[in-house]
Structures are given as structure tokens and as C-alpha cells.
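Let me begin by presenting the structure, written as C-alpha cells, before commenting on it.
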Amino acid sequence: MMKLQMRESILTMKTSLQQIEGLLFVAGDEGITVAEMADATGFAKPAVIGLLEDLAAKYESDENSALDVLKTDDQYQLVTKSELAETIHRYFTAPLTTALSQASLEVLAIIAYKQPITRVEIDEIRGVQSQATIQKLALRNLVEGRGRSNEPGRPILYGTTAYFLNYFGLSDLQELPPLVTAEALDALRAQKDVALPLMPGEEGGSAFDVALPELAETAEREE
């Protein structure tokens, strides 16, 4: 009987830790408060704090884990361990030798045209989670935080960087190409042989053009 109770207790703890870990993961670099985690899980706030401490201890004791729990003010974040900073920095500061993914271009276009904008607003436009993509763009120095919104939870506002302008060969944001209309988008789709846009520096087009039809479509839906 005692063994069964211990097993149930361990399983419950594992499930609880998974819930907290999952919330930290989806919250991304914006972080999440104890109150928000308590609301999402139904756990009491002291229990959430205890689980956060257990999760942090679990990461610390596991030499093969790259993760850690960071507390900033009243926000908790899931981050990589400090000893990995050099490796991660080398990866994200390497020259952009390959094309950005379609998801990255789409998020980048939305931020460029609608900045400052929150992650939730980006998600609403795209219809999917964008946190991981935003983090990658931020680590690539293409987007950055521009303060926080006055909305509940004070979410981060995102905008493009000076490096973004340099990367796409722009002097300022006024040089961004105009959004295509819904009619132009339909005409583009009607073409059977549409050449793929090229990366900056390659003759024939700009990588940014890939994202414009997607942004135009979502912008039209908003209006």
C-alpha cells in the first residue's frame, strides 16, 4: 500500500512539473508569473513556487540538461544554462549564409510593417504560435524589444533593428516595399511559373518579397 502511494505521489509530481515546464516553454522570453501559472494549472501559488524550485533543482543536478529556470522580478523564464552562452552566441552571430525560413520571413514582415507589436498580436495575425520564431529573429539581431505594452501582463513590444535595415539593403523603414493588395495576391497565385525570390545580394530579387504575399493576405483579413 505504501509503495503504491509513493508511486502515485511520484507520478503526480512528474505531471505537475511537466505542466510548469510546459508553461515556461510556451511563455518564452516574455516569461510568466506565479499567478498566471496558478490560474493555468489550478495549483495554489505556494505549490507553484515549490514546483519551480523543484524544476530548477532538477535542471541543476542534471549535467546533461541545457536548461535552467530564471526569475526576473515577478517573471519566470526557461533559459539555457550560462555555461552554454559562448556556444549559443557563436551560432546566432554566424553570418546569415542561408535563406531565412518562410515562418521567419512572415514574422519579420509582420513586425516590420506593424511595429511596435506584441507576440500575441503576431500570433493572432498568423493563427499559430510565433514565440520560437521571434526568439530566433531576436538572437539573429533582426528584431528587438521596444519596451512593454500597457495591456494586461505588460507584454514585450517588438520592432526591427538597424541590422534588419542593413541586411535587407534599406536606409530606413520608409523604403519598405508597399503591401500588395488582395487583387495583386490573387494575380500572383494565378501565375503558374513564379520565380522564387533570391537572397539579398543575389541578382533578381529580395528575400523579403517572400513574406509580402502572406502579410498582405493577413492584413486584408484584419481589415
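The values are calculated or read from the model by the stated rules, or taken from the named source; none is laboratory data. Worth saying up front: this structure is predicted, and the values here are computed from it rather than measured. A quick note on method: Cβ atoms are made from the backbone with ideal geometry, for glycine too, and the neighbour counts reach across all protein chains shown.
Assess whether Arg146 counts as being part of a strand (DSSP E or B), at pLDDT 55 or above and either of a type in the set (Ser, Thr, Tyr) or under 25 Å from the mean Cα position of the chain (by Cα) (or both).
yes
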Exercise for the section: Would you please name the residue that is modelled with the lowest pLDDT, looking only at residues in the stretch 132-141 that are surrounded by 18 or more Cβ atoms within 10 Å (Cβ to Cβ) and out of contact with any strand residue (DSSP E or B) (no Cβ under 7 Å at 6 or more places or on another chain)? Expected result: Arg140
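In this structure, is Ala38 outside the structural domain of Gln135 (by TED's automatic domain parsing), assigned to a helix (DSSP H, G or I) and surrounded by 16 or more Cβ atoms within 10 Å (Cβ to Cβ)?
Working: outside the structural domain of Gln135 (by TED's automatic domain parsing): yes; assigned to a helix (DSSP H, G or I): yes; surrounded by 16 or more Cβ atoms within 10 Å (Cβ to Cβ): yes.
Judged against the criteria, Ala38 is a match.
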Completion exercise
Here the residues within the stretch 101-115 that are touching a Lys or Arg at 6+ places or on another chain (Cβ under 8 Å) and surrounded by fewer than 16 Cβ atoms within 10 Å (Cβ to Cβ) are Gln115
Exercise for the section: Could you figure out which of (1) surrounded by fewer than 17 Cβ atoms within 10 Å (Cβ to Cβ); (2) in a helix (DSSP H, G or I); (3) of a type outside the set (Gly, Ala, Ser); (4) more than 15 Å from the chain's Cα centre (by Cα) isn't true of Asp123? Expected result: (4)
Practice task
Go through the stretch 55-83 and count every residue that is surrounded by 15 or more Cβ atoms within 10 Å (Cβ to Cβ) and assigned to a helix (DSSP H, G or I).
Solution key: 3
